[in-house]
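As structure tokens, the structure follows; a few thoughts come after it.
The values are calculated or read from the model by the stated rules, or taken from the named source; none is laboratory data. Predicted model only: the values in this text are computed from it and were never measured. All Cβ positions, even for glycine, are placed from backbone atoms using ideal geometry, and neighbour counts span all protein chains on display.
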Amino acid sequence: MNQGALFVQLVVDGLATGSIYAALALAIVLVNQATGLINFAQGGMAVLGAYLGMTFGNLAIPAVGPVAGITIGIVASVIASFVIGALVERFLMRRFQGGDPDTAVVATIGLLTLITGLCGLIWTYNYLPYPFYFSAGLSFRIGDIAIDVWSLTTFITILVLMGLLQALFRGTKLGLGLRAVADNPRSAALSGLRVGTLLMIGWGLAAALGSVAGVLVAVKSQLIPGMFDAALVYALAAVIIGGLDSPVGAVVAALGIAVLENLAGTYLDWVGHDLKIAVPFVLIFIVLILRPQGLFGRKSVVRV
Amino acid sequence: MPLLELTDVTAFYGPVQVLEGVSISVPEGGAVGILGANGAGKTTTLRAISGTVRAGGSIVYDGASIRGLKPEKVASLGIAHVPEGRGTLGELTVRENLMVGAYRRGDRRQIAQDIDYLLDLFPNLRERYRSNASALSGGEQQMLAVSRAFMSKPRLLILDEPSLGLAPSTARTVYDAIVRLRKESGIAMLVVEQNANLAFTIVDTVTVLETGRSVLTGTAEELKGNDEIRRAYLGG
């Protein structure tokens, strides 16, 4: 493979990995937009969604055939995740509302541990295959470059989700309500917004989005309770770099991190495979120093 | 029948009783001021009405009790509360703040007309239409807070010290606009104000609070003639 083709291949691979970080980052941005919190359990909830999708899919496939069964599994996973997300808000996060946001964030870390443990208890800690439309290794070539079908699917899915999310927040009444509640729930209530309902919808949407990410990762790497632990680190980095209030920023940052990480790992000898994970952190430092609100974030002025 | 009738309203913050018996009556289309020293319970009275603090006694709006209702429910009944300090959503633009105010309405064309009306009333807001509310000056934020409340098409507007922290000329501008709003819309108003001279430009009647009790109610004219009131609240 010549140098140019190697470069392109690295970028393409990076975009694929980055799409997964991006999906998780989008869910984190969504919860942050709707509640002002960072949900560390977002990855865990995505894994749970993937397990549910696998279970529903495996149940449906013998009855209705593979394509319909897989689709039913994914749809069921998205719906179940929406309900779980909404319930988590209603019965767990609601108790921390109006208190110190840090307490609520710590509660999400506890939730992550709980969900991971529950998944292990129910589905064991062994790798389980996720039933999907095609196998994860499927690829085609354009010249020297191998395009992985899974990567392409993931990339397109994430771009579509990003567009939908941006449209939701900037162009719909529901999105405006979600942002108003995130900004100041008490103040929003004085305009007659149903704060509780909007918070439940926000968490539900984020969990549904996360479950799509969960399914995509499960297809590639098979299912295991901790499969999103590393991705969560990258997703958080993407959210910080891209700006907590910008779906587009989060996606661009996630893709950028993954591509840069791939390039650095290959072209900079001293980085190699071992230091790759340091790349997002170095980027976080640089961005936080130069542009604390994130590359795409809106600057919020705090008056004293 | 008055639009809003408070009878012997009580309220606690934890174990501390803040309201011991507040009675206020706001007629349909009328404007009532609440005067009182710091800590007399003015803000708490407004919070009791909008459901942001738990209250005892009787709070009757439009013939039905609203005591104990959630804030969003009270708001949906047509009571718009502009709280003390910033009543705006800082991360949202001026336009978005106004749209949040109109959240429960479906009449798009009328919403656009109302926004236009408010931007005429407050030309500063027209200039800052696409800016985040947090980037506005104190006076502009207060104008936005009042406008946002007006966007919900309330029957009763509750204002908590609209002049707080504003330069005298800015406070004047805000009050002039509120007077115009009242004249042109006929909305009933309940206004808490430290600056009694400003309050008297809007209100027909005034209730005076002392340590959580309503001690005196009268027309603006009567109270202006009352020596004690003049000394305590009018600086003369």
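Computed quantities for the displayed model
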{"item": "Residue match in the stretch B:101-108 (condition: of a type outside the set (Lys, Arg), more than 7 Å from every other protein chain (Cβ to nearest Cβ), within 22 Å of the chain's Cα centre (by Cα) and crowded, with 16+ Cβ neighbours inside 10 Å)", "result": "yes"}
{"item": "Residue count for the stretch B:160-188, restricted to those that are under 23 Å from B:Arg230 (Cβ atoms) and either within 14 Å of chain A (Cβ to nearest Cβ) or touching a residue at least 40 places away in the same chain (Cβ under 8 Å) (or both)", "result": "3"}
{"item": "Options A:Arg186, A:Arg179: the member that is within 14 Å of chain B (Cβ to nearest Cβ), in contact with a Ser or Thr (Cβ under 9 Å, 6 or more places away or on another chain) and charged (D, E, K, R)", "result": "A:Arg186"}
{"item": "The stretch B:76-102 residues that are without any contact (Cβ under 8 Å) to a residue 40 or more places away in the chain and within 19 Å of B:Met189 (Cβ to Cβ), paired with ones that are part of a helix (DSSP H, G or I) and hydrophobic (A, V, I, L, M, F, W, C) (beta carbon under 9 Å, 6 or more apart)", "result": "none"}
{"item": "Residues that are in contact with a strand residue (DSSP E or B) (Cβ under 6 Å, 6 or more places away or on another chain) and in a loop (DSSP other than H, G, I, E, B), drawn from the stretch B:29-84", "result": "B:Gly29, B:Gly30, B:Ala40, B:Gly41, B:Val53, B:Ile66, B:Arg67, B:Pro83, B:Glu84"}
{"item": "Residue within the stretch B:9-19 that is under 17 Å from the mean Cα position of the chain (by Cα) and modelled with pLDDT of 95 or more present", "result": "no"}
{"item": "Members of the stretch B:115-135 found to be in contact with a Gly (Cβ under 9 Å, 6 or more places away or on another chain), surrounded by fewer than 24 Cβ atoms within 10 Å (Cβ to Cβ) and within 14 Å of another protein chain (Cβ to nearest Cβ), listed by number", "result": "B:Asn132, B:Ser134, B:Ala135"}
{"item": "Only one of B:Val100, B:Val74, B:Val82 that is among the β-branched types (Val, Ile, Thr) and farther than 12 Å from A:Ala188 by Cα", "result": "B:Val74"}
{"item": "Hey, B:Glu210 in contact (Cβ under 8 Å) with a residue 24 or more places away in the chain, over 29 Å from B:Thr88 (Cβ atoms) and not aliphatic (A, V, I, L, M) or not", "result": "yes"}
{"item": "Members of the stretch A:189-200 that are out of contact with any Ser or Thr (no Cβ under 7 Å at 6 or more places or on another chain) and either farther than 20 Å from A:Arg90 by Cβ or more than 7 Å from chain B (Cβ to nearest Cβ) (or both)", "result": "A:Gly196, A:Thr197, A:Leu198, A:Met200"}
{"item": "Filter result for the condition that a residue is facing another protein chain (nearest Cβ under 8 Å) and small (Gly, Ala, Ser), over B:Gly87, B:Gly78", "result": "B:Gly87"}
{"item": "Residue list for the stretch A:91-106, restricted to those being assigned to a loop (DSSP other than H, G, I, E, B) and not acidic (Asp, Glu)", "result": "A:Leu92, A:Gln97, A:Gly98, A:Gly99"}
{"item": "Those residues of the stretch B:76-91 which are closer than 18 Å to A:Ala182 by Cβ and surrounded by 24 or more Cβ atoms within 10 Å (Cβ to Cβ), in sequence order", "result": "B:Gly87, B:Thr88, B:Leu89"}
{"item": "Residue check for B:Ala149: of a type in the set (A, V, I, L, M), surrounded by fewer than 23 Cβ atoms within 10 Å (Cβ to Cβ), within 14 Å of another protein chain (Cβ to nearest Cβ) and out of contact with any Lys or Arg (no Cβ under 6 Å at 6 or more places or on another chain)", "result": "no"}
{"item": "Out of A:Leu48, A:Leu6, A:Leu30, A:Leu15, sole residue that is aliphatic (A, V, I, L, M), within 20 Å of A:Leu164 (Cα to Cα) and touching a Ser or Thr at 6+ places or on another chain (Cβ under 8 Å)", "result": "A:Leu15"}
{"item": "The stretch A:213-239, residues that are surrounded by fewer than 24 Cβ atoms within 10 Å (Cβ to Cβ) and within 19 Å of A:Gln166 (Cα to Cα)", "result": "A:Leu236"}
{"item": "Every pair of residues 6+ apart whose Cβ atoms lie under 6 Å, when the first sits in the stretch A:274-289 and is over 11 Å from A:Ala238 (Cα atoms) while the second is surrounded by fewer than 16 Cβ atoms within 10 Å (Cβ to Cβ) and of a type outside the set (Asp, Glu)", "result": "none"}
{"item": "Single match in A:Val78, A:Val67, A:Val47, A:Val88 (criterion: touching a Gly at 6+ places or on another chain (Cβ under 7 Å) and in a helix (DSSP H, G or I))", "result": "A:Val47"}
{"item": "Candidates A:Ala218, A:Ala231, A:Ala258 - the one that is under 27 Å from A:Val75 (Cβ atoms), modelled with pLDDT of 90 or more and away from chain B (no Cβ under 14 Å)", "result": "A:Ala218"}
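A quick yes/no check of all residues on (1) in contact (Cβ under 8 Å) with a residue 24 or more places away in the chain; (2) farther than 26 Å from A:Leu176 by Cα:
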site	(1), (2)
A:Gln3	no, yes
A:Leu6	yes, yes
A:Val11	yes, yes
A:Thr17	yes, yes
A:Tyr21	yes, no
A:Ala27	yes, no
A:Val31	yes, no
A:Asn39	yes, no
A:Gln42	yes, no
